[in-house]
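Peer 1: Below are the structure tokens for one structure; questions will follow.
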Amino acid sequence: MFQLPLDSADAARRNLRSLFLLRNLLIIAELLIILVTLFGVGVPLETDPLLGIIAMTVALNCLTWFRLQHERPVTEWELFGHLCLDAVGITSLLYFAGGATNPMAWFLLLPLIITATVLPQQFTWLMMLLTCGCYTLLIFHFHPLPALPVMEVKDTRLLPPEEIEGRRFELHAFGTWVGFVFSAGLVAYFVVEMANTLRERERRLAEIREQALRDEQVIALGTLAAGAAHEMGTPLGTMAILLQELLEDYDRPEDRSLRQRLLIFKDQIERCKNALAVMSASAGHARAEGGHREQVRRYLEYLVGQWRQQRPGARLKLQLNGGPEEAALLAEQTLTHALLNILNNAAEVSTEPVLLQARWNHAWLDLAIIDCGPGITPDLREVLGRRPVASKKRGLGVGLFLAYATVERLGGEILMEPMPDQGTCTRIRLPLLTPDEEDSHD
């Protein structure tokens, strides 16, 4: 989930690496075929040009290996050029080995299959024209294969014509079988591997598009929050001034009961002002995105303390399963409010105390928030975090949507799943600061 997006340059590089391995196998297969033909079947081939072509293929593969060591992006046209050179190399080998009459002639389909699998359609049509032209050329121009030996080794009598033809057919059938098995193996492994690379790229692009859509929604909500904070800031400030004047006017001992009520109003107005300040911070104002280094245990204790202040009547069980004391995270205000929102949602539906479990190591903090509520349906689970989910009791579900966005923005992940008996378990994984990151936040 935390890998970098696989763009077209990355996919082309991976495909070129697969082509490099495939070309190595082709070189080995070509050498084996030449050896079997020379010493197994006894057909004298023109080995000099064949070995020369294979040597050039080896040189091309060495250049490909050096190319893969450089970070410069591999383009689709570059990959297509490699495939064209492979098609020309196969055609050259066939030219000196019987042309279209060679049972291995359909090796020319391999560059076309790979092109159709990993490159856009325009490249497929160009490769089709190239391979068809090469095959047509091999029909009319080629070096014929030498005639098969027609003398038996035992008694040196001539073989009858029908037996000679039978041997030729058996040789052609055997060569076709070898070519089929080899090509089928290449398609089953390398072409499928390249297709998987392409599908992985498409999947990650879909995730990026979904993330961009969610970011747009978050920006829209942030803009709305900034506007609401600006509009509500003035009346709240006015109310705070009036309350302060009332507290100064009613400062007598007999006004103690009224003063206590006014102080409650003042505390609630301060909470509203703090909430508006956080909304402004999340929208890009003074306190936005500000984070500091905090030890994991201390941060969790602070989080629970904040939540208990907001919900004094709610019950919570905290289980800290230990971990390195020096482990630290980036304590952002938006992260704190995201976790508080999830705890609030759990407390509102749970009939029993909410359970917060935490364990961590040097790299990750794993949280589990377990409630005893009605749980979540599979349909709801599919859309959580992707868009705000309307709720009759808790509004539009904007808080949970923003909680997902905050956790994933920090490089973590969040998952809500139903418990076997009753309730919901919200699992949150957050990355911890590495020593280098800790130095940058000190």
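Taken together, the values in this text are just the output of simple stated rules run on the coordinates, not laboratory data. Only a predicted model underlies this, so the values are computations on that prediction, with no experimental measurement involved. In this analysis, Cβ positions are derived from the backbone assuming ideal geometry, glycine residues included, and neighbour counts consider all displayed protein chains.
Peer 1: Give me the net charge of residue 107's neighbourhood, meaning all other residues with Cβ under 14 Å from the Cβ of residue 107; Lys, Arg count +1, Asp, Glu -1.
Peer 2: Working: positive: 23; negative: 30, 86.
My count for the surroundings of residue 107 gives -1.
Peer 1: Taking only Cα atoms of the stretch 50-138, what ratio of Rg to Rh do you get with Rh as the Kirkwood inverse-distance radius?
Peer 2: That ratio is 1.00, to two decimals.
Peer 1: Give me the distance in nm between label points sitting 7 Å out from Cα along the Cα-to-Cβ direction at residue 210 and residue 192, one decimal.
Peer 2: Calculated label separation equals 2.6 nm.
Peer 1: Taking K and R as +1 and D and E as -1, what net charge do the other residues with C-beta under 12 Å from the C-beta of residue 413 add up to?
Peer 2: Spelling it out: positives minus negatives among the neighbours equals +1.
Peer 1: Can you put 265, 107, 96 in order of Cβ neighbours within 10 angstrom, beginning with the fewest?
Peer 2: 265, 96, 107
Peer 1: Of 136, 91, how do they rank once you tally other Cβ atoms within 10 Å and put the fewest first?
Peer 2: Ranking 136, 91 by Cβ neighbours within 10 Å, fewest first, gives 136, 91.
Peer 1: Between beta-carbons, use under 12 Å as the cut-off and find the net charge around residue 251, counting Lys and Arg +1, Asp and Glu -1.
Peer 2: Summing Lys/Arg as +1 and Asp/Glu as -1 gives -2.
Peer 1: Treat the count of other C-beta atoms within 10 Å as a stand-in for reagent exposure and order 414, 34 from fewest to most.
Peer 2: Listing 414, 34 from fewest to most nearby Cβ atoms yields 34, 414.
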